[in-house]
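Visitor: Please see the structure below; I have some questions.
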Amino acid sequence: MGPHSWREDLQWGQGEELPERKRLTRSAMNVVGSQTNLDNRGAVSKPLILILCTANACRSQMGEAILQAVVGDAFEVVRAGCLPSGSVHEGAIEAMAEKGLDLREAKSQHMDEYLDRKVEIVITVCNRADEVCPVYSGQVKRHHWPFKDPALVVGTEEMVRTAFRRTRRDLEAVFSAYGRCLLAGLQLRGPARV
């Protein structure tokens, strides 16, 4: 099961929106309910989605907040990095606050923190994370959806702010659509049974 581009799942304005959306929904339905996660007490837990980038400071932080807002309590969405920076970029915090999502308490963490968890979906949002991403226990699906790193933009404050807003907008388009498809798959399959 290799990674593939979000463009393979979603075609924006190409006139093939419905068939592509059906394929994404079918892909999401294959994950939902495909495995039963048990926590350390043996209780059923939510499917776990891990979003990875290099520093875990911008893209994965914003992607997690967006996807979690869409899927609510149906999934547990987390994020990590292969070389975590130790903090969340102020530009990401500001861009997400504009949409009512608070990243002020978010932490930058290493992807190895999830090696002992049953991760059903892994989404890499940059090429470096995709190259070094391990296979996680329980992994059913892996996506590679690269986004430009707004932290690399050099210029005026307004140019940097615009870059973070643009990345947030791009992340919103992809992660909101994917979250809706995951929920549609959950409604079609019903709750997982033990």
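Visitor: Could you say which residue among ALA151, ALA163, ALA106 is open to solvent by less than 40 Å² (accessible area, probe 1.4 Å), of a type in the set (Gly, Ala, Ser) and more than 14 Å from VAL78 (Cα to Cα)?
Guide: ALA163
Visitor: Please indicate, with yes or no, whether at least one residue in the range 127-140 is modelled with pLDDT of 95 or more and touching a Leu at 6+ places or on another chain (Cβ under 9 Å).
Guide: There is no residue in the range 127-140 that is modelled with pLDDT of 95 or more and touching a Leu at 6+ places or on another chain (Cβ under 9 Å).
Visitor: Can you pull out the residues in the range 66-78 that are open to solvent by less than 20 Å² (accessible area, probe 1.4 Å) and out of contact with any Lys or Arg (no Cβ under 7 Å at 6 or more places or on another chain)?
Guide: Within the range 66-78, ILE66, LEU67, VAL71, VAL77, VAL78 meet the criteria.
Visitor: Right, something else. Within the range 129-148, work out how many residues are of a type outside the set (Phe, Trp, Tyr) and in contact with a strand residue (DSSP E or B) (Cβ under 8 Å, 6 or more places away or on another chain).
Guide: 11
Visitor: Only one of these is at pLDDT 95 or above and open to solvent by 20 Å² or more (accessible area, probe 1.4 Å): GLU20, GLU98, GLU16. Name it.
Guide: GLU98
Visitor: A further question follows. Can you pull out the strands (runs of 3 or more DSSP E) entirely within the range 68-144 that have at least 1 residues that are among the hydroxyl-bearing types (Ser, Thr, Tyr) and within 16 Å of the chain's Cα centre (by Cα)?
Guide: It comes to 121-124.
Visitor: Within the range 123-140, track down each residue that is surrounded by 19 or more Cβ atoms within 10 Å (Cβ to Cβ) and in contact with a helix residue (DSSP H, G or I) (Cβ under 9 Å, 6 or more places away or on another chain).
Guide: ILE123, THR124, VAL125, CYS126, ALA129, CYS133, TYR136 - these are the residues of the range 123-140 that are surrounded by 19 or more Cβ atoms within 10 Å (Cβ to Cβ) and in contact with a helix residue (DSSP H, G or I) (Cβ under 9 Å, 6 or more places away or on another chain).
The values are calculated or read from the model by the stated rules, or taken from the named source; none is laboratory data. All of these numbers come straight from a predicted model, not from anything done at the bench. We place every Cβ from the backbone using ideal geometry, glycine too, and count neighbours over all the protein chains shown. Areas reflect the complete protein model, heavy atoms only, side chains present, ligands, DNA and RNA absent. Shrake-Rupley method; radii C 1.70, N 1.55, O 1.52, S 1.80 Å.
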